[in-house]
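Notes follow once the structure below has been shown.
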Amino acid sequence: MLPAMARKPSIAIVGPGRLGRALALELKCAGYSISEIVSRNSAGSREKTRKLARKLDSRASTIGSAGLNADLVWFSVPDREIAAVSRQLASAVIWRKKVAFHSSGALASDELNALRREGAAVASVHPLMTFVSGSSPSLKGVPFAVEGDVRAVRAARQIVRDLGGEAFTIRKQRKAAYHAWGAFTSPLLVATLVTGEQLARAAGLSALQARKKMLPIIRQTIANYEEFGPAGAFSGPIIRGDTETVRKHLQILRRVPQARDVYLTLAHAALRYLPLRNRAKLKKILET
């Protein structure tokens with residue numbers, strides 16, 4: 001933990017967007033004092049921050065008026081703003097005994113070098129979770145990729161434990177690969193599902209009908225993946241080596257070219273990574 005501190009550190013959140021808000025609420029539930037919420041200076045940002053601060057019994061401020069009296073300052077601003085905002089705040093307080101985190105999945109703790117030079121211990125602490133408007137997911141069981149200075153990493157591991165999450169070490173050189181992997185777990189999964197909706201239109205269903213009818217099989221697939229792994233969860237004509245059905249799929253997919261591209265790419269991935277029958281024949285069909 002932080003030096004000479006048996007108590008939980010007070011925390012300031014810089015950037016109360018979807019991630020920052022969720023972190024603040026979960027930290028409060030875990031017994032942490034959220035001393036300050038720091039936002040942009042726009043009217044909309046200030047109003048949202050005041051509402052959140054009232055809920056957390058904390059102070060609302062802007063970059064220009066931030067007090068930053070907390071033991072730990074957690075930056076949840078967009079990736080492109082982390083370094084610039086930390087430079088802005090480098091002269092706001094004495095950082096020598098403070099810890100600073102940022103929550104970028106793609107960028108290393110070096111984005112906070114301006115604070116490191118002022119004596120702060122810094123780390124990148126990224127939850128592998130999706131945050132969207134109107135949803136505040138629990139962080140229990142969520143993996144957090146952690147990288148940075150020893151003191152900051154120690155503090156991060158304790159906080160993640162208190163949140164019910166699971167901290168693991170990521171090397172800074174591998175953060176881009178880690179974040180790209182994360183893209184496959186949620187945003188690109190959604191992109192795959194919305195591509196499926198376009199095919200449902202070709203089958204005569206609306207997007208809304210498709211979404212409702214897809215959910216049972218999606219839920220069961222995820223449950224199968226969790227219990228049996230990818231090989232045990234894989235089903236359908238490709239695993240069976242049913243070349244004629246795959247050929248029919250590709251014919252109808254000519255009506256939705258982007259969906260055809262996605263199908264081909266994922267089918268080639270199945271050929272490479274999953275057990276299936278008639279591999280040679282399937283590969284020939286997919287390539288021609």
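Miscellaneous remarks
- Any hit, segment 235-246, residues being under 26 Å from the mean Cα position of the chain (by Cα) and outside any helix (DSSP H, G or I): no
- S76 farther than 26 Å from V190 by Cβ and among the small types (G, A, S): no
Here's the yes/no breakdown for (1) crowded, with 16+ Cβ neighbours inside 10 Å; (2) at negative phi; (3) over 28 Å from the mean Cα position of the chain (by Cα); (4) acidic (D, E):
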residue: P187; (1), (2), (3), (4): no, yes, no, no
residue: E197; (1), (2), (3), (4): yes, yes, no, yes
residue: R219; (1), (2), (3), (4): no, yes, no, no
residue: Y225; (1), (2), (3), (4): no, yes, no, no
residue: L274; (1), (2), (3), (4): no, yes, no, no
residue: K284; (1), (2), (3), (4): no, yes, yes, no
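- Checking V85, V146 one by one, the residue that is in a strand (DSSP E or B), within 22 Å of L72 (Cα to Cα) and in contact with a helix residue (DSSP H, G or I) (Cβ under 7 Å, 6 or more places away or on another chain) is V146 and no other.
Condition check ((1) surrounded by fewer than 17 Cβ atoms within 10 Å (Cβ to Cβ); (2) touching a strand residue (DSSP E or B) at 6+ places or on another chain (Cβ under 7 Å); (3) more than 21 Å from L23 (Cβ to Cβ); (4) modelled with pLDDT under 95) across all residues:
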{"site": "S103", "(1), (2), (3), (4)": "no, yes, no, no"}
{"site": "S133", "(1), (2), (3), (4)": "yes, no, no, yes"}
{"site": "F168", "(1), (2), (3), (4)": "yes, yes, no, no"}
{"site": "G182", "(1), (2), (3), (4)": "no, no, no, no"}
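One line per residue, one yes/no per condition, for (1) polar (S, T, N, Q); (2) under 25 Å from the mean Cα position of the chain (by Cα):
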{"position": "Q88", "(1), (2)": "yes, no"}
{"position": "A123", "(1), (2)": "no, yes"}
{"position": "H126", "(1), (2)": "no, yes"}
{"position": "S136", "(1), (2)": "yes, yes"}
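- Any chance A152 is touching a residue at least 24 places away in the same chain (Cβ under 8 Å) and out of contact with any strand residue (DSSP E or B) (no Cβ under 9 Å at 6 or more places or on another chain): no
- Test for A53: is it over 22 Å from the mean Cα position of the chain (by Cα) and either buried (at least 20 other Cβ atoms within 10 Å of the Cβ) or among the basic types (K, R) (or both): yes
- Residues that are touching a helix residue (DSSP H, G or I) at 6+ places or on another chain (Cβ under 8 Å), within 21 Å of S109 (Cβ to Cβ) and touching a residue at least 12 places away in the same chain (Cβ under 8 Å) do occur in segment 170-177, at least one of them.
- Taking the criterion of being in a loop (DSSP other than H, G, I, E, B) and more than 22 Å from the chain's Cα centre (by Cα), the residues of segment 56-76 that qualify are D57, S58, A66, G67, L68, N69, A70, D71.
- So G148, is it crowded, with 16+ Cβ neighbours inside 10 Å, assigned by TED's automatic domain parsing to the domain that holds I34 and farther than 16 Å from L27 by Cβ: yes
The values are calculated or read from the model by the stated rules, or taken from the named source; none is laboratory data. These numbers come from a predicted model, not from an experiment. A quick note on method: Cβ atoms are made from the backbone with ideal geometry, for glycine too, and the neighbour counts reach across all protein chains shown.
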